[in-house]
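Here is the structure we will look at.
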Amino acid sequence: MTRTIAAITALFICGSANAALAQDDASITITATHTACQVPPPADVPAPVTPSAAAGGAAVQNHNYALARANFKALADGGNAEGERLFGNLLLRDCTGIQDKEEGAKWLQKAADAGDVPAETQLANAYMNGNGVAQDDNKAFALLTKAANAGNALAQINLGYLYLNGRGAPMDKYQGMVWTVKAGEQGFPVALFNIANAYFKGKALPQDNDKAAYYMFTAFGRSTPAQHNRFASTINEINQAVSADALKHQAERARRWSPGPGSLSDVLDDAKTRQKTAQN
C-alpha cells in the first residue's frame, strides 16, 4: 500500500510516527506536476511615492506584477542594488506578463557589479541556463565561486553542481560534495536532497540506502511542496528501496538533526572515501 504525502508529513513534522506507520504501507509517492501559463501584460501603474522592496515583494506574492514592477523599477532606476536585483529577477521570471529576459539579465549584472551577492548567484544561474544571456559555464563558475565564498547557500549548491558535472571547471566530485555540504550545513534543503540522491546513486558518495533515506527525511522536513515536486523521482525511488521499519528509524533520526558547522562532517568523510575508491 502507498503511504501518502500527508502521512509522511505527519511522520516527520508532527511526530506522529506510530500513527502514520500503523497503516500497512511502505512508501510515499509524489506525482510531479507542471503548470503552463499565458499571462497578458499588466497595465503599468504609477511609481509609489516611497517605493520599497517589501511592498514589491508582497505584490509578487499576490501576483500583482504591475505593482511589483512599479516598486522594483523605481528602486532600480535610483541605483539601489537590491532594487536592481529584484527588478532583474522579475523580468526573468515566467508567468508575469512582463517578461524581458535580456533586460532582466542586464539589471542583475548591474546589481552584481555593485557587489550584491544574491545578484551574483542569480546572474550565474542565468549563465548556467542561457537565460537572457549566452550560456557560459565559465562565467557562471566565476560568479558562483565569489558568492559561495561569501556564504550564499544557493551559490554553494550550484557551485557544487558545476564541480560534480565538470562544468566551468574539471570534474571533481569531492569538491562538489564539499560545497554541497557547506549549503547543507546551513539547512538548505536542496543540498540535503542532493546528498540523499548521492548516497542512493553511489556516485559522489558510497551507495547507502539507509543514509539516503535519512537525508531525504532531513531535507523533506525543511522543504516546500515545490521542492518535493522537484525531487519527486528521487523521493519515490528511495522510499521504494527502503523497508518500512528502516524508514521509520531514519525519520526519527532526521527529526533530531540540526544544521550548523560540522553537522555534515560524516558526509565529507564518506565523500573522501568514495574519492579514494574511485581512484583505485
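None of the figures in this text is laboratory data; all of them are computed from the coordinates on show. Note that the structure is a prediction, hence the values are computed from the model and not measured. Cβ coordinates were reconstructed from backbone atoms using ideal geometry, including for glycine residues, and neighbour counts include every protein chain displayed.
What the table shows:
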| item | result |
| --- | --- |
| R0 of 25 Å, Cβ-Cβ distance C37-K201: FRET efficiency to nearest 0.05 | 0.15 |
| Taking R222, R256, R85, R93 and counting other C-beta atoms within 10 Å, the order from fewest to most | R256, R93, R222, R85 |
| Sorted by Cβ neighbour density within 10 Å, fewest at the top, the residues D44, D270, D210 | D44, D210, D270 |
| Within the chain, helix-based [θ] at 222 nm, where runs of 4 or more DSSP H residues each add -39,500 (n - 2.57), nearest 500 | -19000 deg cm²/dmol |
| Length released on extending from T273 to Q227, taking residue separation times 0.36 nm less the Cα-Cα span | 13.6 nm |
| Cα pair count fraction exceeding 28 Å, expressed as % - the range 124-280 | 19 percent |
| Largest-first principal axis extents of the Cα set of the range 27-142 (Å) | 51, 34, 27 |
| Partners for K110 among lysines (Cα-Cα distance below 18 Å; same-chain residues under 8 apart left out) | K73, K101, K139, K146 |
| Cα-based Rg and Dmax for the chain, where Dmax is the largest Cα-Cα distance (Å) | 21.0, 66 |
| Cα pair count fraction exceeding 20 Å, expressed as % - the range 126-187 | 19 percent |
| Distance-filtered residues of the range 76-93 - backbone nitrogen under 12 Å, label point 7 angstrom along A114 Cα→Cβ | 76-88 |
